[in-house]
1. Give, as a single signed number, the net charge of other residues whose beta carbon lies under 12 Å from the beta carbon of Ile189, with Lys and Arg counted +1 and Asp and Glu -1.
2. Report, in listed order, any pair from Lys166/Lys316; Lys94/Lys322; Lys103/Lys265; Lys71/Lys228 with a Cα-Cα distance greater than 30 Å.
3. Tell me the net charge near Lys49. Cut-off is 10 Å between Cβ atoms, Lys49 excluded, with +1 for each Lys or Arg and -1 for each Asp or Glu.
4. Only Lys, Arg, Asp and Glu count, each charged at its Cβ (+1, +1, -1, -1), so figure out the dipole size of the stretch 291-337 about its Cα centre, rounded to 20 debye.
5. Does the stretch 54-201 come out rounded, prolate or oblate, given a ≥ b ≥ c as the square roots of the eigenvalues of its C-alpha gyration tensor, rounded meaning a/c under 1.5 and, failing that, prolate meaning a/b above b/c?
6. Any idea how far the Cα center of the stretch 211-259 sits from the one of the stretch 281-359, in Å?
7. List the GluC sites (Glu not before Pro) in the stretch 136-196 that DSSP assigns to loop (not H, G, I, E or B) and whose Cβ has at most 15 other Cβ atoms within 10 Å. Which are they?
8. Subtract the Cα-Cα distance of Ala167 and Lys49 from 0.36 nm times their separation in residues, and report this length gain in nm to one decimal.
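Please treat every number below as a calculation from the coordinates, not as lab data. Remember, it's a predicted structure, so these values are computed and weren't measured experimentally. Reconstructed Cβ throughout: ideal geometry from the backbone, glycine too, with neighbour counts over all protein chains shown.
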Amino acid sequence: MLPGSEGTDEGGSKSSHVPEQSSAEKQKWEDAKVFYNNLTPTKKPKPPKPDNAITIAVSSRALFLMEEEQKVYKEQGLEAYVCYQLEHENEPFKPGAAFPFVKALEAVNSQLRQLYPDSEDLFDIVLMTNNHAQVGVRLINTINHYNLFIERFCMTGGNSPIGYLKAYHTNLYLSSDGQKVQEAIEEGIAAATIFSPSYNLSINEDKLRVAFDGDAVLFSDESEQIVKEHGLDMFFEHEKAYENKPLAQGPLKCFLEALGKLQKKFYNKGMRMNCPIRTYLVTARSAASSGARALKTLRSWGLETDEALFLAGAPKGPLLEKIRPHIFFDDQMFHVEGAQEMGTIAAHVPYGVAQKHKHISPKNTK
């Protein structure tokens, strides 16, 4: 008779007596409860509606390292590539260049949900890939392995995913494919080609740090055009003469705007000094000669960066090593490579006059 079932006494009548469990039996039941509770997946929050979210579209090769798979594809073809993925679908990919950035976005989301339980003003990460659907299981297994909250996928089976970016209300697109990034920029979408650093610095995932170059990233490239065509002296004269005229917006102005929107939610809770989002303007401009126009432009947009660093042409890498951003955006490969060499995850924005001067692919783009 099982413990706890009804029995009968000697006269045949039902007994209400329940045998008392021993401490060992009680422990067995408690251990069983814990085991079965652990089998039940932790309930995840609902994804925000696309109209309310700040949507970050990330390619699979930006989020995860897939060199071996790419080698199979290039050397053996598509069918061998798909078979390889199926055979290894229970092996998670290793983290790629965009992984720390995505983890930091999720950390910000966690704090926003605590402060504003009903708000949908959150980051929403979309995995955007031209992989075939058969590869989806391995990507899903990898995402679950790292406990990432990525519910929206776009797998285009060999076609370019760029046409879907607007349908996903994309605020920023990150890819390891420079051609696709160029297509996105031409469609008016904030985008950048992301590169891994030469070595990995320790990055705090609890506070999102984003660093921007100014001209041809946050601002238009009008000032860079003057430098290229007429030299630095004319540039300084031009900036002084037009100090109070805001620069036109660049391709990533809208992303800084989105970050500022979320920062204000923390400020409204008295968290300006310990806000989990921090932004940096890291520019080759000189402060005294051309810095005022950059700052006044941001002010005219109702935006700001937490820190503004004017380097007067000095290398950006050593400073970025101190900042340790999750991502640094620049339009010139010279600065992207310098950031990489100092351990910074950098992203190239193919926009403006600098793109007329083709550059060698950066080192260590794994």
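1. Numbers: positive: Lys166, Lys180; negative: Glu183, Glu186, Glu187.
Net charge in that neighbourhood comes out at -1.
2. Over 30 Å apart, Cα to Cα: Lys166/Lys316; Lys71/Lys228.
3. Values: positive: Lys46; negative: Asp51, Glu120, Asp124.
Net of charged neighbours comes to -2.
4. 200 debye
5. Working: a/c = 1.70, a/b = 1.37, b/c = 1.24.
The shape class here is prolate.
6. Using only Cα atoms to place each centre, the spacing works out to 11 Å.
7. The qualifying sites are Glu151, Glu187.
8. Difference between extended and current length: 41.2 nm.
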